[in-house]
Amino acid sequence: MYFIYYLLCTHEFCTYCQRTNNRNNYGTCTCTVRASGQFQFYHTVGCSGRKNIISVGAPRLLTNSECGSVILSSAVLMKFEVTMPPTPLANCEFTFEPGTQGFFVNFFGQHANLPAYGNNVTEWNISSVPDFRSDNEAVTLQFDGTEWKQSGFSSPIYITAEQPKNAAQLTHGQVHFNWNSTTSQFNLCRNGGAGGLIVDGAMRQLLENCLTLVQSGPMPGVLNYFYAVRVAADDIIVSDVQVVSGKIRLTVNSSRGNVNDTVLVYCVNIAGAIQANVMDTATVVNGTTLELQTTPSTGLGMYTHGGDCQIVRLAVTQTGHVTGNNGVEVWSGDAHYTLVGMCYVQSDGSVSDTSTERDCASWFNRGLKTCSNKLTTDHTTTSTVSYVEVGSEIECGFVTWGIGDPANPSDLAWSASGTMSNSTGGDGAAATAGFDLPSAAPPPIEQTGAINAFNPVNGFSFSVRGSKSGLTEGRHVITLLGKAINGGIAKYFGTVPPTSLEISIPQ
């Protein structure tokens, strides 16, 4: 029985081909070439796009000159990784015959475990792909100019509702960085569905579990920048696979993290314990041991040899960021590092992300957080010439991406309210907000003031709102400023109702 398949082409590649449904018979092709503005049709025996057969017995990088080839596995004991062309031509196409071992297919950031034909399920590194089985011999992938898709050459058993795709399927930045005070860890987690992140120039998918970095990772007393990273040293070698307390543990040459960090790991070429050839999150047990978090250990075969893993992890540095050539915000010292967040760490090593101290901010998917504080005791000032800080207990510390933020520059809304008075009849008090004291900068234009009745009173309420622009990237402090109008003692109440101050920051 014959089928007609269509493949758009450039130059000598086939425009449409006929082939039988028998294994290893790829048929003949009728090809077209453009000459002098005209299409010329001619028949060839074994058109170059379909008769080229590549036998894979070692890791292999495919090239555009090989588009149209059939990829056969010649492996006996293990499967090998086949990497698609880094910049594929539009309509470039490959047919994979997985044989008895299968392949790992690398789409430059998206990976698929293509098993041997039988009853295995192809485990695409793409969210929500239905069962994708390899009961028949061939699956064909074609690049449509944007992404890799299953084409008509595939065996019918491979047809799925969702096609394997390249990086375009995931939106860069479907993640959120935060401080988790419960676990004392910095987290990078999925946000609103499948989490995609461009790391080292390639789209990486973040799984259900978060990437984490322990509290001891950053430097105390300074602003720390957090990055998702994969460098050459993050390609590690497996030397053993065992089950410990129901979890699969990998012995590697370097775990690439602090003890109790969580990293993203993608392993290939592990022989024997083949279930460990997965993409999973892993906990760093020690300097040479990783423990897979979600891969079942039941029925794990005995490890024999081989194994290479790629690690994507959270890293921290005190060096800031720049915009890379691809528009991704990266560490100014190394473009392999993708910016995900920042935190100010106190000099004692503690971290705060509470209603009174907002010291951590995510680069992606920010929400508005409120930093608020209040007076608990009365505070006074006799200053009349200039504003002074009413009391340091009302301060709110926070970090902001500031005026240099290309993603979401914004003014920060603040407000203050409470009760104030003046000890002198006929005199009054004023209030506003101040930033980063001591500072020579003038107070905001938004100010409020009130005058006592002729006789001193117990107090009068006040409220003032404003917005702050022009703050640089980093940590800042907002506080309450006050002064007497002409003389006397201006008082700001810490009793009911207390004087309070708040600011909203995108974090």
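Computed values, structure above
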| quantity | calculated |
| --- | --- |
| Long-range HN-HN contacts of residue 195 with modeled amide H, under 5 Å | 206 |
| Inter-probe distance in nm under a simple model that places probes 7 Å from Cα toward Cβ, at residue 222 and residue 348 | 2.2 nm |
| Length released on extending from residue 66 to residue 376, taking residue separation times 0.36 nm less the Cα-Cα span | 104.2 nm |
| Percent carbon-and-sulfur accessible area, the stretch 343-408, ignoring ligands, DNA and RNA, probe 1.4 Å | 46 percent |
| Per residue solvent-accessible surface (Å²) - the stretch 323-397, probe of 1.4 Å | 44 Å² |
| Radius 11 Å from Cβ of residue 172, net charge of other residues (Lys, Arg +1; Asp, Glu -1) | 0 |
| Computed over the stretch 224-363: relative contact order in percent, which uses C-alpha pairs under 8 Å that are six or more apart | 29 percent |
| For the stretch 428-505, the fraction of alpha-carbon pairs in successive 10 Å shells from zero, as % | 15, 47, 28, 9, 1 |
| Virtual spin-label span in nm between residue 451 and residue 294, 7 Å along Cα→Cβ | 6.8 nm |
| Area accessible to solvent at residue 451, 1.4 Å probe radius, in Å² | 100 Å² |
| Per-residue HN-Hα couplings for the stretch 366-377 [Karplus 6.51, -1.76, 1.60; θ = phi - 60°; Hz; x = Gly/Pro] | 6, x, 7, 10, 10, 9, 9, 8, 8, 7, 10, 9 |
| Cβ-defined net charge surrounding residue 207, 9 Å radius [Lys, Arg +1; Asp, Glu -1] | -1 |
| Percent carbon-and-sulfur accessible area, the stretch 196-263, ignoring ligands, DNA and RNA, probe 1.4 Å | 49 percent |
| Separation of the residue 486 and residue 500 label points, Cα + 7 Å toward Cβ, nm | 3.4 nm |
| Surface per residue (accessible, 1.4 Å probe) for the stretch 403-507, Å² | 46 Å² |
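The values are calculated or read from the model by the stated rules, or taken from the named source; none is laboratory data. Owing to the predicted nature of the structure, the values given are computational and were not obtained by experimental measurement. For neighbour counting, all protein chains shown are included, and Cβ atoms are generated from backbone atoms with ideal geometry for every residue, glycine included. These area figures cover heavy atoms from the full protein model, side chains too; ligands, DNA and RNA do not enter into them. Shrake-Rupley method; radii C 1.70, N 1.55, O 1.52, S 1.80 Å.
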